[in-house]
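Enquirer: What follows is a single structure, and I will ask about it in a moment.
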Amino acid sequence: MTRWLPYPVLTASLLVMWLLLNGVSAGHLLLGTVLAIGAARTMAALQPSKPRVRRWDSVVRLVAIVFVDLVRSNIAVGRIIIEGPDRPGQPGFLVVPLALNDRTALAVLACILTATPGTAWLEYRSRRDTLLLHVLDLGEEQDWIDLIKKRYEPLLLEIFE
Amino acid sequence: MNATADLPLWVAVLVAIFIIFGAAVTLLGAIGLVRMRTFYARLHAPTLGTTLGTGGVLVASMILSSALQSRLVLHEIAIAVFVTVTTPVTLMLLGRAALYRDRIEKKPGIPPFESER
């Protein structure tokens, strides 16, 4: 089983993508399955770290939270752009200490912080476990740190570690 | 392609709303890119286009193709996933290149190299 299907989640995702792009039919199901299994086995040669999703309910909660934040930060950044560069708020750098270590969790956090306008991931210092961010409207530094430490990090820790 | 002529009015209106919304958000992001003053602040503006902007256009595309082919068309989800997964790569590359340059030039207000702290 593990020899033939080293990455079941990857294999399933590839199959779903194949069916999304080509339409669902018996022929495509067969072809897609063969390709997905082949591609996943090739991937095994690269030996990527195998992320383990521990709690799927937290994944759903994380997606919902991120979606809400995404819309909110789009509105916030849109407002800043309309107000122009002479508005009172100041952009600035921010260092956040992280408890996350898992590579996949960090990658997901990077996607979240990049996808929400207003925060940009600049540098992760693995030796100190700190993250350097650039924030468009700095305001209270602690609010931004709380956003990451209290809103995203506990869920990511639950899911991956 | 005459298929669009058969489109029900409410679908056409819905698609138009989503397209205009997505395009407007992307435009706002582009304006932000011009109006912001520093490189780091400019990094934030185009994100509007890659999130809600792309989202609006993709939803419009999903509704239109689903209505025209009278079955659910979901290719756009794959596009959304790939855009979300690949944007951090380019953003980090640009951000870190700028950070490196500014540190070498010792610009004020830039966090120093790791070893210096």
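The values are calculated or read from the model by the stated rules, or taken from the named source; none is laboratory data. Since the model is a prediction, treat every value here as computed from it, not as a measurement. Reconstructed Cβ throughout: ideal geometry from the backbone, glycine too, with neighbour counts over all protein chains shown.
Enquirer: Out of A:45, A:107, I need the residue that is surrounded by fewer than 17 Cβ atoms within 10 Å (Cβ to Cβ) and within 13 Å of the chain's Cα centre (by Cα). Which one?
Expert: A:107
Enquirer: Looking at the stretch A:52-68, I want the residues that are closer than 17 Å to residue A:102 by Cα and touching a residue at least 12 places away in the same chain (Cβ under 8 Å) and have a partner that is surrounded by 11 or more Cβ atoms within 10 Å (Cβ to Cβ) and not hydrophobic (A, V, I, L, M, F, W, C) with Cβ atoms under 6 Å, at least 6 apart or on another chain. Which pairs are those?
Expert: The qualifying pairs are A:55/A:158; A:58/A:158.
Enquirer: Just checking, which of A:71, A:135 is within 21 Å of the chain's Cα centre (by Cα), within 9 Å of another protein chain (Cβ to nearest Cβ), crowded, with 21+ Cβ neighbours inside 10 Å and at pLDDT 85 or above?
Expert: Unique residue meeting the criteria: A:135.
Enquirer: Return the residues of the stretch A:104-161 that are touching a residue at least 60 places away in the same chain (Cβ under 8 Å) and among the charged types (D, E, K, R); say none if nothing qualifies.
Expert: A:137, A:151, A:158, A:161
Enquirer: Now, a different point. Select from the stretch A:110-125 the residues that are more than 7 Å from every other protein chain (Cβ to nearest Cβ) and over 20 Å from residue B:55 (Cβ atoms) and list them in ascending order.
Expert: A:124
Enquirer: Something else about it: Scan the stretch B:28-52 for residues that are out of contact with any helix residue (DSSP H, G or I) (no Cβ under 8 Å at 6 or more places or on another chain) and either more than 9 Å from chain A (Cβ to nearest Cβ) or crowded, with 17+ Cβ neighbours inside 10 Å (or both) and report the count.
Expert: Result for the stretch B:28-52: 2.
Enquirer: Something else: Output the residue which, of all residues in the stretch A:11-26 that are of a type outside the set (S, T, N, Q) and in contact (Cβ under 8 Å) with a residue 12 or more places away in the chain, is nearest to residue B:70 (Cα to Cα).
Expert: In this case the residue turns out to be A:19.
Enquirer: With respect to the numbered conditions (1) more than 10 Å from chain B (Cβ to nearest Cβ); (2) farther than 30 Å from residue B:71 by Cβ, which one is the sole condition not fulfilled by residue A:64?
Expert: With (1) more than 10 Å from chain B (Cβ to nearest Cβ); (2) farther than 30 Å from residue B:71 by Cβ applied to residue A:64, the lone miss is (2).
Enquirer: Let me ask something else. With the requirement that a residue be away from every other protein chain (no Cβ under 14 Å), part of a helix (DSSP H, G or I), among the polar types (S, T, N, Q) and in contact with a helix residue (DSSP H, G or I) (Cβ under 9 Å, 6 or more places away or on another chain), what does the stretch A:18-51 give you?
Expert: Listed by number, the list holds a single entry, A:33.
Enquirer: Could you please find all residues in the stretch B:1-25 being crowded, with 19+ Cβ neighbours inside 10 Å, among the β-branched types (Val, Ile, Thr) and more than 10 Å from every other protein chain (Cβ to nearest Cβ)?
Expert: B:15
Enquirer: Please find, among A:64, A:99, A:107, the residue that is assigned by TED's automatic domain parsing to the domain that holds residue A:130, out of contact with any helix residue (DSSP H, G or I) (no Cβ under 9 Å at 6 or more places or on another chain), under 30 Å from residue A:137 (Cα atoms) and not in a strand (DSSP E or B).
Expert: A:64
Enquirer: Of all residues in the stretch A:110-130, how many are among the hydrophobic types (A, V, I, L, M, F, W, C) and surrounded by fewer than 20 Cβ atoms within 10 Å (Cβ to Cβ)?
Expert: 2
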